[in-house]
Amino acid sequence: EADIYQTPRYLVIGTGKKITLECSQTMGHDKMYWYQQDPGMELHLIHYSYGVNSTEKGDLSSESTVSRIRTEHFPLTLESARPSHTSQYLCASSETNEQFFGPGTRLTVL
Amino acid sequence: QKEVEQDPGPLSVPEGAIVSLNCTYSNSAFQYFMWYRQYSRKGPELLMYTYSSGNKEDGRFTAQVDKSSKYISLFIRDSQPSDSATYLCAPVNQAGTALIFGKGTTLSVSS
């Protein structure tokens, strides 16, 4: 079944740790995105990619980095997590304007 | 002025009611408009999208765009408790590279 997956769903981690949030899609979409969403607030685009070896920063400045080595995989990395990184991170993919979202990773940095 | 504005609610209605969810935007160049539904602690789910002005119907849902007033609406007929969620409107930006999300309107349908 074509879908988009994110792991882990929940992560609680201490300050200073390096973390990688995984995102995979089986729909064959070229475009992939990472959004950050705080409770009651808008989704903000932090990274996007139009294909393999293509990555761009979004509208919201983020200390995270991304890579796109395979079409189906778009991981997000935080080298040194801080409490200000506590948020929900949503991955999406698209072929046209319609974006399809994964279930999200809720990150808490203590 | 924010690019996309939505009344956050919460909006509480009884089962079977007709619901109107609204959104305004500031950039007249926007052409595509998406509506997403987001349940608590889940990712947004695409409900429907429209291009330019006019109406689009899908089952109990109707999306309406009025470009002259930069106003977007989503109507839900015969609302059900399972419709209880946050509804996000999201125009596609002018470059066509990203969606611009409103904060969303939280809807609660009671049985």
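Numbers for the structure displayed
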quantity: Segment A:10-37, residues that are of a type in the set (S, T, N, Q) and farther than 17 Å from residue B:44 by Cα; calculated: A:15, A:20, A:26
quantity: Residue in segment A:12-27 that is among the charged types (D, E, K, R) and not in a loop (DSSP other than H, G, I, E, B) present; calculated: yes
quantity: Of residues in segment A:40-57 being surrounded by fewer than 18 Cβ atoms within 10 Å (Cβ to Cβ) and within 10 Å of chain B (Cβ to nearest Cβ), the one farthest from the chain's Cα centre (by Cα); calculated: A:40
quantity: Matching residues, segment A:77-102, being within 17 Å of residue A:29 (Cβ to Cβ) and either among the aromatic types (Phe, Trp, Tyr) or in contact (Cβ under 8 Å) with a residue 24 or more places away in the chain (or both); calculated: A:90, A:91, A:92, A:93, A:94, A:95, A:99, A:100, A:101, A:102
quantity: Which numbered condition residue A:26 misses (of (1) under 15 Å from residue A:100 (Cα atoms); (2) more than 12 Å from chain B (Cβ to nearest Cβ); (3) among the hydroxyl-bearing types (Ser, Thr, Tyr); (4) touching a strand residue (DSSP E or B) at 6+ places or on another chain (Cβ under 7 Å)); calculated: (4)
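Any read-out appearing in this document is the output of simple, stated calculations on the displayed coordinates, not a laboratory observation. None of the values given here were measured: they were computed from a predicted structure. Note that each Cβ is placed from the backbone with ideal geometry, even for glycine, and that neighbours are counted across all protein chains shown.
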